[in-house]
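Every number in this text was worked out from the coordinates using simple rules, so none of it is lab data. These numbers come from a predicted model, not from an experiment. Cβ placement follows ideal geometry from the backbone for every residue including glycine, while neighbour counts extend to all protein chains displayed.
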Amino acid sequence: MTARGTVARLLSAAGVVLGVCTLVFLLVHLVPGDPVDAMLGESARPADRAALRQALGLDRPLLEQYAGYLGGLARLDLGRSFQDQRPVADILAERFPATLELAGAALALALLLAVPMGVLAARYRGGAIDNGAMVFSLLGIALPNFWLGPLLILVFSLWLGWTPVSGSAGGLSLVLPAITLGTALAAILARMVRASMLEVLQEDYVRTARAKGLSEAVVLRRHALRNALLPVLTLVGLQLGGLLGGAVITETVFSWPGVGSLLVESIHARDFPVVQGCVLLISLIYVLVNTATDLAYAWIDPRIATRSGAK
């Protein structure tokens, strides 16, 4: 990729982040609900309401508030929470590791299930393994998080007593949220791996490897799987950001102390700076993950880097 192309991509990503920030700022200020009511209650005296509104800067025109918000972003200042007056950056720093832990566990689980399942389904196409993998994929895609999570809690926490119901009190607390968040991704990835493997297995270099007498395991692992991973990597890069966004539901169901549950709590409390900070963090992660995915393309298939440099 040329320097000009890199700069254009970075400018495009910055424009996307700015657009997301602007949209979220407008939405949180235009939706019904008043932070002053959430903090003082509707029975508060008008003088107290006016003083708090002035202290929070909510008495200024919307355009002036927006300019102040962008100025704070330029200084890497996300503002302070309306609820406890702590810096938003500090709050996000406390909650983000839990979300990253959950998303990482869900992604690892999805890859551990999807890659072997997709490879075996392609190897034994039309057989029992293939049919079983496709049934799993359909079920995984069809079951929503807000239904699967409570079902897992009912079975494994309340009936069997194997895992905690909610919270983050140890490694077992991560099992059910990771399964809930990673099941749909595993289903999607398994179908993608299977389709990509079926295509690669028809290539001439795979037939040549088999003609040389290499074992089927070596052919699948060394010659087929690596070349089949490129479209899968694209999907993983896009879905990682989706995991962080989808964690909002999962974290709420399991009371997981991450950014997703923080976002829901802040929306209920009309804590505008925290809401904006959460969405900004998620959008930045999307941009960073997509950039990392582009760089990983060149590692998996050096021809991409060669073509990009030739442009």
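A simple charge model with +1 on the Cβ of Lys and Arg, -1 on the Cβ of Asp and Glu and nothing else charged puts the dipole of region 88-310 at about 940 debye relative to its Cα centre.
Shown for Thr22, Thr234: other C-beta atoms within 10 Å of each C-beta, ranked fewest to most, produce the order Thr22, Thr234. Placing +1 on each Lys and Arg Cβ and -1 on each Asp and Glu Cβ, with no other charges, gives region 116-212 a dipole about its Cα centre of roughly 280 debye.
Counting beta carbons within 10 Å around each of Leu76, Leu40 and listing the fewest first gives the order Leu76, Leu40.
The spacing between region 58-95 and region 144-176, judged by their C-alpha centroids, is 35 Å. In summary, the convex hull built on the alpha carbon positions of the chain has an orientation-averaged projected area of 21.1 nm².
The 3J(HN,Hα) values that the Karplus relation (6.51, -1.76, 1.60; θ = phi - 60°) gives for region 64-73 are, in residue order, 5, 4, 5, 4, x, 5, 5, x, x, 4 Hz. Gly and Pro appear as x. Comparing Val219, Gly182, Leu233 along the charge dipole axis of region 88-310, the residue lying farthest to the positive side is Val219, per the Cβ-charge model. Between amide H atoms placed 1.01 Å from N, distances below 5 Å from Arg80 occur with Val88, all of them 5 or more places distant or on a separate chain.
Coupling constants for region 90-103 follow from the phi torsions by the Karplus curve (6.51 cos²θ - 1.76 cosθ + 1.60, θ = phi - 60°), and in residue order they are 5, 5, 5, 5, 6, 8, 5, x, 5, 5, 5, 4, 5, 5 Hz; glycine and proline get x.
One decimal place: the segment Asn131-Asp37 gains 28.3 nm when fully extended, by the rule 0.36 nm per residue minus the C-alpha distance.
Geometric descriptor of region 145-240, per residue, is 130 Å³ (volume of the convex hull of the Cα atoms). If R0 is taken as 25 Å, the Cβ-Cβ distance between Ala142 and Leu172 corresponds to a FRET efficiency of 0.40.
By the count of neighbouring beta-carbon atoms within 10 Å, fewest first, Ile129, Ile282 end up ordered Ile129, Ile282. Backbone phi angles across region 163-168, fed through the Karplus curve with coefficients 6.51, -1.76 and 1.60 (θ = phi - 60°), yield HN-Hα couplings of 10, x, 5, 7, x, 10 Hz in residue order; Gly and Pro are listed as x.
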